[in-house]
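The values are calculated or read from the model by the stated rules, or taken from the named source; none is laboratory data. It should be emphasised that the depicted structure is a prediction, and the values quoted were computed from it without experimental measurement. So basically every Cβ, Gly included, is an ideal-geometry build from the backbone, and we count neighbours across all protein chains shown.
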Amino acid sequence: MSAQQAKQEEPKPIKLEDILQSDVWNVDEEPHIVVDYSKCEKCPTKPCIYLCPAGCYTLAGDRVVFSYEGCVECGTCRVICPMDAIAWNYPKNGHGIIYRFT
Amino acid sequence: MQSRLKAVLSALASIPSKFDAIVVGAGPAGSAAAYTLAKEGFKTLLIDRGRGGGEKELFGGRVYAQPLRDIWPELDKEAPIQRWVTRERISFVKDNEAVTVEFKSPKGKSFTALLPQLTSWMARKAEQAGALYVNEVTVDEIIFKDGRAVGVRSGSDTVEADVIIDAEGVNRLLLERAGLVERIKPDNVALGVKEILRTGSTQLEASFGIDSDEGAAWVAIGDITKGVPGGGFIYTNKDTVSMGIVLHLKHAIDAIEAGKLNQHVSELVEGFRLHPYFRRLWRDATISEYGAHLTIEGGLKFSPKRLAYPGLLVVGDAAGLLLTTGINYRGVDFAAYSGKLAAEAIKYAMDHGGFTYDNLRVYDAYIRGSFVYTELQRHLGVEMVMNDPAIFAKLPNIAIGLFKELYEQDYATPTPFEALTSVLSNEGLDLFKLLSLSLSTVMSL
């Protein structure tokens, strides 16, 4: 086996945004989650940045930025938010993630 | 405005002006309840917010069959079963070292499945039995009148029934809005993150060392979750692998605050997927899907105080009826069985003069008299032990340390006793401490 072949077999990391390309959504125009950013400013730990599995919560500088479109509807953010900053609803009538194989 | 519920109902030629029962959520619990009710002749409405194909369903990957056969005796022949599990494996993992134990069982007691497929089958069963199955409808509220549940609301639409069954799942917003449960605490749930890896059946059978009529279930415990109680899971489907991690949320938050967890949770899943010991199982696979779901820890602690209320019965995850031992996860069969019991309680009420609370609350007694409750109660201690970070961290160290002592040799070969005492002293334990740790573990089981 050549060195090049061996190198090809080494599995590579895949970015979360690329992994999420495998998912399907029926995105609603209205968000089903609303974040009160004024509370995020006072949050010392921001566990949502690490624990939202879909990476919906990101940091821009030290500010939390949220986008609902890629949400997988697990409900983690609502449970872990230490500031009670998240209003979480089920997406309306057939909207949101469309799981097929899980 | 949500007007879909009324639009669907008014499009039907003959709908009852009022239903006997409305079931909210077409997961395993809701579909089992609707199926059992419809079979008994109750006018049943089954409502789901997905589009009819189980789109909101995600679980680890394995289902225990026997309780489901009590509901659907045709399960083995008809249900969309992926593989019967004949190999149970558990690995203790630390860095690139691993100890794996395999139990080869001659006969499958459990099977792997894709939950959207399995719950679609269950909902279809309810529909065939005569339930009206309406999808793409999100219920916003359970309507109460004089302290009794009388219907549900979706947007501006309402529909009424004698009894409501809440099968909305773990996030249970409707119960919270009704003031029947408190906000979910991180102490009582774990986050499961899952990937579906497409390998093809030939490669899958070769890499897992299984025959075409076999399946594997595999749990990995150790630094895969960076010391946070939880673990990795692997289940073989026909030509895909379900894999991912479970992370106890309270301990995950603690680890973030202590600076011990500074990676995104998807990177932990990736670390597992790329782990040198495990990656050969899905070499060259493509990712077909990625998702996440909360799973209940310490089931009965998550349960509402009662499962029966005037006009309302709570089933499945919303009722906290899921068993975790750290090695086994039993949600689907527990949920479905609770749905069957709720339906039987409604039948009891009808046979005993009507849907009064005094009659309906036989459901609480049915649950307490069933394996669902006794199993959850019996395992409360196990969950406490497996969720103790100190014990959790020691398990892989002891397992790997022992095998390292026994197998990694240059000149000297240790006796098993020497190997054990050496491992224990590395962990700050001696035989006496191990004994008392084991005893306290055993006593709590």
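I need the full set of residues from segment B:256-270 which are in a helix (DSSP H, G or I) and more than 9 Å from chain A (Cβ to nearest Cβ), in order please.
Step one: list which residues in segment B:256-270 are in a helix (DSSP H, G or I), which gives B:256-257, B:265-270.
Passing the criteria: only B:Leu268.
Suppose we filter segment B:347-361 for residues that are closer than 19 Å to B:Gly147 by Cβ and either acidic (Asp, Glu) or assigned to a helix (DSSP H, G or I) (or both); how many remain? If you could, list the steps in order and put the result at the bottom.
So the first thing to find is which residues in segment B:347-361 are closer than 19 Å to B:Gly147 by Cβ, and the list is B:349, B:354-361.
Subsequent filtering for residues that are either acidic (Asp, Glu) or assigned to a helix (DSSP H, G or I) (or both) retains B:349, B:357-360.
Selection size over segment B:347-361: 5.
Criterion first (at pLDDT below 95 and either on the phi > 0 side of the Ramachandran plot or more than 14 Å from the chain's Cα centre (by Cα) (or both)) does B:Thr225 satisfy it? It is true that B:Thr225 is at pLDDT below 95 and either on the phi > 0 side of the Ramachandran plot or more than 14 Å from the chain's Cα centre (by Cα) (or both). Among the candidates A:Glu29, A:Glu69, A:Glu73, A:Glu17, the residue that is over 30 Å from B:Ala113 (Cβ atoms) and of a type outside the set (Ser, Thr, Tyr) is uniquely A:Glu29.
In segment B:297-343, the qualifying residues are those that are among the hydrophobic types (A, V, I, L, M, F, W, C) and in a strand (DSSP E or B), and the one that is modelled with the lowest pLDDT is B:Leu323. If you go through segment A:37-90 and keep only what is away from chain B (no Cβ under 14 Å), closer than 25 Å to B:Ile245 by Cα and in contact (Cβ under 8 Å) with a residue 24 or more places away in the chain, you end up with A:Phe66, A:Tyr68, A:Glu69. Does A:Val34 satisfy the criteria of being part of a strand (DSSP E or B), more than 10 Å from every other protein chain (Cβ to nearest Cβ) and free of Cβ contacts under 8 Å to residues at least 12 places away in the same chain? So A:Val34 does not fit the description; no. Just wondering, is there one or more residues in segment B:226-239 that are within 11 Å of another protein chain (Cβ to nearest Cβ), polar (S, T, N, Q) and crowded, with 16+ Cβ neighbours inside 10 Å? Within segment B:226-239, one or more residues are within 11 Å of another protein chain (Cβ to nearest Cβ), polar (S, T, N, Q) and crowded, with 16+ Cβ neighbours inside 10 Å. Every listed requirement among (1) at pLDDT 95 or above; (2) surrounded by fewer than 24 Cβ atoms within 10 Å (Cβ to Cβ); (3) within 11 Å of another protein chain (Cβ to nearest Cβ) is met by B:Tyr277 save one, (3). Condition check for B:Ser266 on (1) out of contact with any helix residue (DSSP H, G or I) (no Cβ under 6 Å at 6 or more places or on another chain); (2) among the hydroxyl-bearing types (Ser, Thr, Tyr); (3) modelled with pLDDT of 95 or more: one failure, at (1). Listed conditions (1) modelled with pLDDT under 95; (2) in contact with a strand residue (DSSP E or B) (Cβ under 9 Å, 6 or more places away or on another chain) are all met by A:Thr45, apart from (2). Within segment B:155-165, no residue satisfies the criterion of being within 13 Å of another protein chain (Cβ to nearest Cβ) and modelled with pLDDT of 95 or more.
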